[in-house]
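S.K.: Structure below; questions to follow.
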Amino acid sequence: MEEKEIVSLIKRHEKLYADKSQWHSHWDDLARVMLPRRLGFSSTQIEGRRTEDNFDGTPMQAARGLANAIGGMLRPEGLPEVEIRAEDDAINDTEEAQVWLEDAEKRLRNAFNNPKARFRSSSGEKDLDLVVFGTAVMFIGESAQRNNLLFQSVHLKDATPYFNEEGAPEGMFRKRRMPYHQLVSRFGEKKLSQDAREKGQKDQDVKIDVLHAVVPRATTKSKPLFAKDLPIADYLIELEKKHLIASGGFHEFPFIVPRWDTSSGEDFGRSPGMIALPDADTLQAMGETILIAGQRAADPPLA
């Protein structure tokens with residue numbers, strides 16, 4: 001991959017991120033009263049408690065209740081309903097095919113149910129993002145060891161998807177701050193830039209800004225044999241030095257981007273949380289007023 005292609009991907013991410021940033025202040029308003037752990041769209045947040053400005057937990061409980069209700073309807077047993085069938089119905093009627101399909105369904109259910117896949121926890125996080133922000137992002141792939149499926153809920157702050165003319169997600173840019181030791185254990189020290197290696201020699205836990213770009217390839221092969229020929233390209237780039245760490249590919253787009261409701265001309269969804277936001281803000285203001293009034297009654301400034 002040439003340097004100009006890397007620069008082009010970085011510039012494209014910056015442009016798409018700037019367009020998405022119009023939503024950041026609104027998402028922060030929603031997160032403040034309904035999902036404080038997702039704060040940080042417009043500014044950097046310190047880890048730890050993020051509910052200092054909240055006086056009533058009802059909006060947070062309501063958001064979680066709706067997310068749990070949706071998860072219960074979509075996944076009654078905690079797992080997705082799986083049914084594998086052949087396109088040709090004549091094959092489905094044969095005994096040998098039925099045995100194979102039943103075994104395949106069982107293996108797939110076990111893959112979802114594997115604790116290392118983190119399907120249940122990631123699905124819950126995704127449902128909560130969906131009801132609060134109207135848009136959620138989940139990665140579906142394999143673990144680094146490639147011995148189990150891996151599901152990850154991605155913070156909207158870091159994920160910048162873009163969509164095709166039909167409204168389906170087509171590509172994804174994900175900005176990450178990865179510790180040096182994680183990059184080394186996964187890709188090897190030689191894959192990193194000289195600048196990153198020098199920082200890592202001083203501090204193994206220093207965080208490197210990387211861009212994960214998953215975009216369709218301009219040209220593909222009908223029967224690809226190598227990752228570089230797969231229809232979906234996968235790049236990991238050091239942002240500061242514009243250095244390509246690794247490249248690969250996917251057979252299918254590995255992110256799902258559910259949206260609660262979409263308006264004409266908008267890519268990102270709108271949520272029930274947006275409808276409830278004025279009431280949630282009023283509830284917090286009322287809680288603060290009641291506390292101030294109670295304090296002044298118990299300890300008045302003037303006798």
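The values are calculated or read from the model by the stated rules, or taken from the named source; none is laboratory data. All values reported here derive from a predicted model rather than from experimental measurement. A quick note on method: Cβ atoms are made from the backbone with ideal geometry, for glycine too, and the neighbour counts reach across all protein chains shown. Note: accessible area is taken over every heavy atom of the protein model, side chains too, but ligands, DNA and RNA are not part of it. Shrake-Rupley method; radii C 1.70, N 1.55, O 1.52, S 1.80 Å.
S.K.: Could you please find all residues in the stretch 162-185 being in contact with a His (Cβ under 9 Å, 6 or more places away or on another chain) and within 15 Å of Glu238 (Cβ to Cβ)?
M.R.: Correct list: Phe173, Arg174, Lys175, Arg176.
S.K.: Related question: I'm trying to understand the selection: among the residues of the stretch 164-188, which are open to solvent by less than 30 Å² (accessible area, probe 1.4 Å) and in contact with a helix residue (DSSP H, G or I) (Cβ under 8 Å, 6 or more places away or on another chain)?
M.R.: Phe173, Tyr180, Leu183
S.K.: Considering only residues of the stretch 72-86 that are touching a residue at least 12 places away in the same chain (Cβ under 8 Å), open to solvent by 40 Å² or more (accessible area, probe 1.4 Å) and of a type in the set (D, E, K, R), which is nearest to Ile140 (Cα to Cα)?
M.R.: Glu83
S.K.: Could you please let me know if Val7 is open to solvent by less than 10 Å² (accessible area, probe 1.4 Å), at pLDDT 90 or above and not small (Gly, Ala, Ser)?
M.R.: The answer is no for Val7.
S.K.: Sort out for me the helices (runs of 4 or more DSSP H) sitting completely within the stretch 1-101 that have 2 or more residues that are over 30 Å from Glu238 (Cα atoms).
M.R.: 24-34, 58-74, 89-92
S.K.: Of all the residues that make up the stretch 191-240, how many are farther than 30 Å from Ala168 by Cα, of a type in the set (Asp, Glu) and not in a helix (DSSP H, G or I)?
M.R.: Here the count works out to 3.
S.K.: Can you give me the number of residues within the stretch 194-226 that are without any contact (Cβ under 8 Å) to a residue 12 or more places away in the chain and either open to solvent by less than 70 Å² (accessible area, probe 1.4 Å) or of a type in the set (Asp, Glu) (or both)?
M.R.: 2
S.K.: Using beta carbons and a limit of 7 Å, which pairs, at least six apart or on different chains, have the first residue in the stretch 20-44 and touching a residue at least 24 places away in the same chain (Cβ under 8 Å) and the second one open to solvent by 10 Å² or more (accessible area, probe 1.4 Å) and of a type in the set (Val, Ile, Thr)?
M.R.: What qualifies is Pro36/Thr51.
S.K.: So which residues in the stretch 227-273 are touching a residue at least 24 places away in the same chain (Cβ under 8 Å), surrounded by fewer than 19 Cβ atoms within 10 Å (Cβ to Cβ) and among the polar types (S, T, N, Q), if there are any at all?
M.R.: Ser247, Thr262
S.K.: Could you tell me which residue of the stretch 38-70 is least open to solvent (accessible area, probe 1.4 Å), considering only residues that are among the charged types (D, E, K, R) and at pLDDT 90 or above?
M.R.: Arg38
S.K.: Same structure again: Given (1) closer than 24 Å to Ile275 by Cα; (2) in contact (Cβ under 8 Å) with a residue 40 or more places away in the chain; (3) of a type outside the set (Gly, Ala, Ser); (4) open to solvent by 40 Å² or more (accessible area, probe 1.4 Å), identify the lone condition not met by Lys191.
M.R.: (1)
S.K.: Looking at Arg177, Arg186, Arg197, which is the one that is under 17 Å from Gln152 (Cβ atoms), touching an Asp or Glu at 6+ places or on another chain (Cβ under 8 Å) and of a type outside the set (Phe, Trp, Tyr)?
M.R.: After ruling out the rest, the residue left standing is Arg177.
S.K.: Considering every residue within the stretch 153-163, establish whether at least one is open to solvent by 60 Å² or more (accessible area, probe 1.4 Å), touching a residue at least 40 places away in the same chain (Cβ under 8 Å) and under 18 Å from Phe253 (Cα atoms).
M.R.: Within the stretch 153-163, not a single residue is open to solvent by 60 Å² or more (accessible area, probe 1.4 Å), touching a residue at least 40 places away in the same chain (Cβ under 8 Å) and under 18 Å from Phe253 (Cα atoms).
S.K.: Next question, about the same structure. Among the residues in the stretch 164-177, are any of a type in the set (D, E, K, R), touching a residue at least 40 places away in the same chain (Cβ under 8 Å) and in contact with a Gly (Cβ under 8 Å, 6 or more places away or on another chain)?
M.R.: Checking the stretch 164-177: not a single residue is of a type in the set (D, E, K, R), touching a residue at least 40 places away in the same chain (Cβ under 8 Å) and in contact with a Gly (Cβ under 8 Å, 6 or more places away or on another chain).
S.K.: Of all residues in the stretch 87-128, which are open to solvent by less than 50 Å² (accessible area, probe 1.4 Å) and over 23 Å from the mean Cα position of the chain (by Cα)?
M.R.: Asn92, Ala97, Leu101, Ala104, Glu105
S.K.: Looking at (1) out of contact with any helix residue (DSSP H, G or I) (no Cβ under 7 Å at 6 or more places or on another chain); (2) under 22 Å from Leu128 (Cα atoms); (3) of a type in the set (Val, Ile, Thr), which one does Thr58 not meet, given that it meets all the others?
M.R.: So the condition that Thr58 fails would be (1).
S.K.: Go over the candidates Gln284, Gln194 one by one and state the one that is more than 25 Å from the chain's Cα centre (by Cα), of a type in the set (S, T, N, Q) and within 26 Å of Lys4 (Cα to Cα).
M.R.: Only one candidate passes the filter, namely Gln194.
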